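Data block below; observations after.
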Amino acid sequence: MSEKELTRLEVVKRVRRKSLRQREAAELLSISVRQVKRLCKAFAASGAEGLISQRRGRVSNNRLPAETITKARELLRTRYPDFGPTLATEKLAIDGLLLSTETVRQLQIAEGLWRAKTLHRPVIHQLRERRTRIGELVQIDGSPHDWFEGRAPKCTLLVFVDDATSRLMYLQFVAAETTFNYFDGVQSYIENFGKPLAFYSDKFGVFRVNIPNALSGTGLTQFGRALKELDIQLICAHSPQAKGRVERANQTLQDRLTKELRLLGISSIAAANAYLPQFIAAYNERFAVPPRCAQTAHRPLAKGEHLERILSLCERRTLSKNLTLSYNHVIYQIKTKRAAYTMRKAHVEVREQRNGTITIEYKERPLEYSLYCEQEQQQAKVVEAKLLQPAAARAAARPKQKRGPVPMTHPWRRFDFTENSMLARERRGELCILRK
């Protein structure tokens with residue numbers, strides 16, 4: 001008998017001896033009075049054996065059919081071998097097998113497909129509450145990963161997550177985290193939702209100038225300068241845990257999105273970007289939470305804010321006496337109908353679009369210009385690491401010049417190095433040799 005049945009036996013004996021009332025026995029056993037009466041009748045008829053459960057040794061009525069278990073195990077081995085229990089449960093439901101997550105976990109353990117994670121000592125971080133409105137704070141990050149599992153080159157996924165709702169606001173596969181790729185993400189976000197109050201990022205060089213005590217520059221990166229013009233605050237997190245929502249979203253995406261791309265047979269960045277809107281809708285339906293405040297914090301663009309102009313590379317230059325300036329090793333000549341002396345030493349802005357289009361502005365008005373000449377490459381120019389290897393390979397591939405023996409007609413061959421010849425030359429003043 002189990003401990004529960006032994007406890008019932010002791011209580012039933014006390015009821016039979018009239019030392020305990022049936023109502024008090026029901027309270028002790030947390031059952032009804034009618035059940036106490038049934039237990040007393042079973043004890044009177046069969047003794048202690050009457051209190052043993054009749055279901056012991058029998059198959060449960062809720063046991064899954066053997067065909068269902070066999071089919072689930074086959075699918076877990078063939079189609080979902082590296083899926084987690086939760087994701088595997090969702091995929092099995094699509095295949096018509098409605099199982100609980102714990103059942104799938106036990107099947108994976110039996111098949112050797114799942115191992116319990118080791119519990120690490122928890123690290124306590126300061127709790128930060130969610131923002132109340134959508135668009136009040138948007139966490140952004142890039143997630144480099146082998147998204148196509150070798151079917152295509154590795155790339156980076158740009159992720160924008162709303163802090164108030166954990167919604168995916170923007171996803172895009174790109175080759176690398178560059179300023180122009182983040183410009184495209186901000187432009188797409190603003191066109192779809194409006195301007196958020198703030199972006200929350202890490203200390204990557206696109207967002208923050210990481211050179212301490214820089215002697216030149218404005219202290220802002222191109223991305224920071226563009227957000228300042230758009231009146232959007234940029235906050236850089238001190239640690240990954242501070243922007244935990246986008247970090248956890250990256251982990252979920254590296255697990256779920258990678259497997260979805262595998263199941264659909266997607267093996268290119270273009271096809272993956274075409275599939276992302278469908279994935280975002282399913283992800284937000286599964287993981288997003290409602291905001292505490294129904295009002296949105298997004299703002300429309302102001303009248304004078306032009307996204308294409310603001311989301312471009314911008315550098316300040318000072319015009320020379322000849323109304324020329326240098327940008328990216330090219331000298332530009334300004335054309336103006338005004339007197340030349342009025343534009344000397346004027347501060348202008350050079351803006352470069354993604355397609356290489358150059359616009360020179362003076363007091364936010366474009367100036368006409370022409371290409372004067374291209375400058376020579378600077379000495380000790382900084383070269384990216386990925387360009388060093390091809391340069392070294394070209395240098396190694398050059399044929400080496402082999403020097404042959406000195407011909408007999410060479411002047412060096414006709415020179416006499418004997419002692420008598422040297423002394424004679426010294427007397428004639430042809431040689432200045434210090435002799436010891």
Of all chymotrypsin sites (Phe, Trp or Tyr not before Pro) in the stretch 140-235, the ones in DSSP coil with at most 16 other Cβ atoms within 10 Å are Phe204
Violations at 18 Å Cα threshold for listed pairs Lys117/Lys154; Lys337/Lys363; Lys321/Lys345; Lys117/Lys259; Lys13/Lys41 -> Lys117/Lys154; Lys117/Lys259
Toy charge model, Lys and Arg Cβ at +1, Asp and Glu Cβ at -1: the chain dipole around Cα centroid in debye, rounded to 20, equals 1280
For the stretch 259-358, listing trypsin sites (Lys or Arg not before Pro) in a DSSP loop whose Cβ sees at most 16 other Cβ atoms within 10 Å gives Arg292, Lys303, Lys321, Lys337, Arg338, Arg344, Lys345, Arg354
Sparse-neighbourhood loop hits (trypsin sites (Lys or Arg not before Pro), the stretch 140-171; DSSP loop; Cβ within 10 Å at most 13 others) -> Arg151, Lys154
Ranking Ala164, Leu220, Asn192 by how far each Cα lies towards the positive end of the charge dipole of the chain (+1 on Lys and Arg Cβ, -1 on Asp and Glu Cβ), the top one is Ala164
Listed with the fewest Cβ neighbours within 10 Å leading, Thr409, Thr132 appear as Thr409, Thr132
Kirkwood calc, the chain, C-alpha pairs only, radius in angstrom 30.7
Per its Cα gyration tensor (rounded if a/c is under 1.5, else prolate when a/b beats b/c, else oblate), the stretch 66-111 is best filed as rounded
One would report the Cα pair-distance distribution of the stretch 1-157, bin width 5 Å, in %, as 1, 7, 10, 9, 7, 8, 9, 10, 10, 9, 6, 5, 4, 3, 2, 0, 0
Computed over the chain, the relative contact order (Cα-Cα under 8 Å, seq sep at least six) in percent reads 10
Expressed to one decimal in nm², the mean projection of the alpha carbon convex hull of the stretch 307-374 is 4.5
For the stretch 30-36, Karplus-derived ³J(HN,Hα) couplings (6.51, -1.76, 1.60; θ = phi - 60°; whole Hz; x for glycine and proline) come out as 6, 10, 7, 5, 4, 5, 5
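Rule-based calculations on the coordinates, nothing more; no lab input. What you are looking at is a predicted structure, and each value in this text was computed from that prediction instead of being measured. Cβ: placed from backbone, ideal geometry, glycine included. Neighbour counts: every protein chain shown.
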